[in-house]
Every structure is written in structure tokens, then in C-alpha cells.
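Chemist: My structure is below; once you've seen it, I'll send some questions.
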Amino acid sequence: MNNPPQHPRKTSLDLRHRLVDGLKQGFVAETGLIAHGRGEAYDYLLGERTCVHAERAEKAASALLLSSEKPVFSVNGNVAALCPKDVIRLSKAVKALLEVNLFYRTPLRERLIARVLEDSGAELVYGLRKRHRIPGLGSQRANVDDALWDSDTVLVMLEDGDRTGALKAMGKKVIAVDLNPLSRTARTADITIVDNVVRAVPNMIVHARSMKDMSRGRLASIAARFDNRKNLKIMEGLFRKSL
Ligand code: PTJ
């Protein structure tokens, strides 16, 4: 669906329609639209812009991904609808693997999302064979393929609930993209990017490209200097101020 170019909320409307198209094609979960609405409300309060604190988290996250041995991106229906090409570009910039991992898991949705990623330039997509189970996690998200299982750092975008804690209990580093600074995911991750995924991922590509020649040690120290708790407090303050 084409929204009029002069409409003041065109970008926002276009994003909604990407999700509706994904729903019609069968790969976005129905509740994915509700999750997006919640994200929109937070984004509105942020002025639909990347603030300097989110930018700082994006830089630290890119440094962590570049310094990791086996980074992986966990991709769900909303992310596949919103920014598949940028996700692939970022995965190439930081040499990360891609795995489809769904809360509302069906084999058909998994295949459709893998196809969206392949059509967007992915060479290899994991997640169609679930060979392992994350301990201590009840949801379908516990079933994972080799990429997530073997990874040392996981990028989760628009995640629900408690998987971040379970991944950390396995010794992995977790980077979250979540517009809600109060969510369990945001509070448990090592680095939380409170920004819309459609801006966060392109920003991370720019950071990753600019840091690609740095040593692993330097990248690791940029990531380690990032204080997630402090950053989340600041983000929370921004929301309060905006209200
Ligand atoms: O595709 P599936 O089956 O894995 O299902 C995906 C959804 C998103 C439905 C599932 O993970 C879910 O229910 O998520 P939640 O619990 O609603 O959490 C989504 C979080 O992402 C919320 O905190 C939202 O504020 C946030 N969010 C929504 N849209 C965006 C966002 N964060 C960043 N960018 C967005 N565009």
C-alpha cells in the first residue's frame, strides 16, 4: 500500500504497512502488530529520533559484535518485516550468523522468514532445524539451531520476556534492541539499545564499518566501558521528561 508522500506521518504509516504485508504473507504473528503498537508509543515519546544515549549503546553493541568470536542475530517475524536488508548488511559487517527464532513458532513461519532473509541477501539462515534446547526456558524460543547454541554473543530484537536471562545463564553476551527501557529483556541484557530497530540497525552498520580495523582488545574495551544500567536510567528519565 502506498501512503501519500506528503503525509506528516508517512514513515510511521509505511512501517505499519510492512507489518500488515508480513501478516498477509503469513510470517508476522498477529500479536506482532500489537507489539509494534507498543513500540510506536515509546518511539513517539522519544520524538522518533535516535538520541545520543541510544547512539552510545549502538556503538558499544557494534564493538561487542566485532570483538566476538561467534556472534549471531536472532530474527523474528517483526524484524523480518521491518528491516531485513539492513539486518543482512549488519550481519555481513560484523560477520554474524543469522538464526530464525520465534515465540509463536510454526515451521511455515520459520520457512517464510528464512526466505525473506535469503531474498534480502542472506547466504545461510539457521533455525529451520532445532537441535538444542536452552535450559530453563518454557517457551518455543528455547528450541534453537547450532548458530544460537554455539554463539558467544546474541543480538535480540523486539524480544519478549525471559530468554535473555536464559541466554546469559549459558554464558552468552546479549545485546537487545527494545524501545521499552523497563522490559525484562532491556534490564537483563548486557547492552540495551532503546531505539527503533529500523534506525538502530543502520546506525550499527555505520559504527561497525568505522571500527572494522580496530584490534579485538580495543573493541572489547569500548564495549566493556558501556554501563547498561546507567544508560537505561537516563533513557527512563528521557521518557518521564517527555511525558
Ligand atoms: O515473530 P514472533 O513469533 O517471535 O513474535 C514476535 C513478537 C514481537 C510478537 C514477540 O516477541 C512479542 O510478543 O514481543 P513483546 O513481548 O510484545 O515485546 C516486544 C518489545 O519490542 C516491546 O517492549 C516493544 O516496546 C518493543 N518494540 C516494538 N516495536 C519495536 C520495538 N523495539 C524496537 N523497535 C521497534 N520497531
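Chemist: Taking 0.36 nm per residue of separation and subtracting the Cα-Cα distance, what length does fully extending residue 168 through residue 20 add? If you can, show how the numbers build up before the last one.
Modeler: Values: separation 148, 0.36 × 148 = 53.28 nm, distance 3.30 nm.
Gain on extension, residue 168 to residue 20, equals 50.0 nm.
Chemist: Further question on the same structure: Filter the chymotrypsin sites (Phe, Trp or Tyr not before Pro) in the stretch 45-153 down to the DSSP loop ones having no more than 13 other Cβ atoms within 10 Å, then list what survives. Write out the running numbers ahead of the final one.
Modeler: Details: sites: 73, 103, 104, 126, 149; in loops: 103, 104.
Passing sites in the stretch 45-153 do not exist.
Chemist: Picking from 91, 68, 215, which is most flexible by a Gaussian network model of the chain using Cα springs under 10 Å?
Modeler: Comparing 91, 68, 215 in the GNM, the peak value goes to 215.
Chemist: Got a number for carbon plus sulfur as a percent of the stretch 1-149's accessible area, 1.4 Å probe?
Modeler: Numbers: 3910 of 7450 Å².
Carbon plus sulfur share of accessible area: 53 percent.
Chemist: Hey, how much of the P(r) for the chain falls beyond 27 Å, as a percent of Cα pairs?
Modeler: Details: 8891 of 29403 pairs.
Summing the P(r) tail past 27 Å for the chain gives 30 percent.
Chemist: OK, next. Mind checking which helices in the chain clear 20 Å along their axis (Cα) and have mean Kyte-Doolittle hydropathy of 0.0 or more, DSSP H runs only?
Modeler: Details: long enough: 10-25 (22 Å, -0.81); 30-45 (24 Å, -0.44); 52-67 (23 Å, 0.27); 197-211 (21 Å, 0.71); 228-242 (21 Å, -1.04).
Counting only whole DSSP H runs, the qualifying helices are 52-67, 197-211.
Chemist: So, one more: With a cut-off of 18 Å, note down the residues of the stretch 63-92 whose backbone N falls inside the zone around a label point 7 Å from the Cα of residue 213 toward its beta carbon.
Modeler: Under 18 Å, as judged by backbone N against the label point of residue 213, lie 63, 66-67 of the stretch 63-92.
Chemist: Moving on to the next point. Compute a Gaussian network model of the chain, connecting alpha carbons closer than 10 Å, and tell me which residue from 164, 11, 188 fluctuates the most.
Modeler: Looking only at 164, 11, 188, the largest GNM fluctuation is found for 11.
Chemist: For the chain, report the accessible area per residue in Å² (1.4 Å probe, heavy atoms, rounded to an integer).
Modeler: Details: 11810 Å² over 243 residues.
Per-residue value: 49 Å².
Chemist: Also, I was wondering about something else. From the Cα gyration tensor of the stretch 102-185, with a ≥ b ≥ c the square roots of its eigenvalues, which class applies: rounded if a/c is under 1.5, or else prolate if a/b is larger than b/c, or else oblate? Can you show the working numbers first?
Modeler: Working: a/c = 1.60, a/b = 1.36, b/c = 1.17.
In terms of gyration-tensor shape, prolate.
Chemist: Below 14 angstrom from the Cβ of residue 69, what's the summed charge of the other residues (Lys, Arg +1; Asp, Glu -1)? Let's see the in-between values first.
Modeler: Values: positive: 70, 95, 172, 173, 216; negative: 150, 152.
After counting each charged neighbour, the total is +3.
Chemist: Less than 12 Å apart at the alpha-carbon level, and either on another chain or at least 8 residues along: which aspartates and glutamates does that give for residue 92?
Modeler: 123
Chemist: Quick one: putting +1 on the C-beta of Lys and Arg, -1 on the C-beta of Asp and Glu, what dipole do you get for the chain around its Cα centre, in Debye to the nearest 20? Don't skip to the answer; put the middle values down first.
Modeler: Working: 40 positive and 28 negative charges, 77 e Å.
Once rounded to the nearest 20, the dipole reads 380 debye.
Chemist: Shifting gears a bit: Using a 1.4 Å probe, how large is the accessible area of residue 86, given in Å² and rounded to the nearest 10?
Modeler: Residue 86 has an accessible surface of roughly 40 Å² with all protein chains in place.
Chemist: Viscosity 0.890 mPa s, temperature 25 °C: Stokes-Einstein D of the stretch 10-79 from its Kirkwood Cα radius, in µm² per second?
Modeler: Working: Rh = 14.2 Å.
D = 173 µm²/s.
Chemist: With a ≥ b ≥ c taken as the square roots of the eigenvalues of the C-alpha gyration tensor of the stretch 167-208, please select rounded if a/c is under 1.5 and otherwise prolate if a/b is larger than b/c or oblate if it is not? Don't skip to the end; give the middle numbers.
Modeler: Details: a/c = 3.42, a/b = 1.42, b/c = 2.40.
Taking the square roots of the gyration eigenvalues as a ≥ b ≥ c, the stretch 167-208 is oblate.
Chemist: Of 33, 156, 76, which is farthest towards the positive pole of the chain's charge dipole, taken about the Cα centre with +1 and -1 on the beta-carbons of Lys, Arg and Asp, Glu respectively?
Modeler: About the Cα centre, the residue reaching furthest to the positive side is 156.
Chemist: If I model a spin label as a point 7 Å beyond the Cα along the Cα-Cβ vector, how far apart are those points for residue 233 and residue 150 in nm?
Modeler: My value for the distance between the label points is 4.1 nm.
Chemist: Report the residues of the stretch 222-243 in range of a label on residue 38: point 7 Å along Cα→C-beta, backbone N strictly under 14 Å from it.
Modeler: none
Chemist: Further, regarding this structure: Name the shape class, rounded, prolate or oblate, that the alpha-carbon gyration tensor gives for the stretch 137-202, where a ≥ b ≥ c are the square roots of its eigenvalues, rounded holds for a/c under 1.5, and otherwise prolate holds if a/b is larger than b/c and oblate otherwise. All intermediate terms of the calculation are to be shown ahead of the outcome.
Modeler: Details: a/c = 1.78, a/b = 1.48, b/c = 1.20.
Because a/c hits 1.5 or more and a/b exceeds b/c, the stretch 137-202 counts as prolate.
Chemist: Okay, moving on. Using 7 Å Cα-to-Cβ label points, what is the residue 10/residue 30 separation (nm, one decimal)?
Modeler: 3.4
Chemist: Given q = 0.21 Å⁻¹, what are the Debye log10 I(q)/I(0) values for the stretch 27-156, with equal point scatterers placed on the Cα positions and solvent ignored?
Modeler: So the normalised log intensities work out to -1.34.
Chemist: Carbon and sulfur together cover what percent of the accessible area of the stretch 168-243 at a 1.4 Å probe radius?
Modeler: Details: 2060 of 3950 Å².
The value for the stretch 168-243 is 52 percent carbon and sulfur by accessible area.
Chemist: Of 43, 14, which has the most accessible area and how do the rest follow, probe 1.4 Å?
Modeler: On the way: 43 10, 14 45 Å².
Greatest to least solvent exposure: 14, 43.
The values are calculated or read from the model by the stated rules, or taken from the named source; none is laboratory data. This is a predicted model, so every value here is computed, not measured. FYI the Cβ positions are ideal-geometry reconstructions off the backbone, even for glycines, and counts take in every protein chain you see. Side chains included, ligands, DNA and RNA excluded: accessible areas come from the protein's heavy atoms. Shrake-Rupley method; radii C 1.70, N 1.55, O 1.52, S 1.80 Å.
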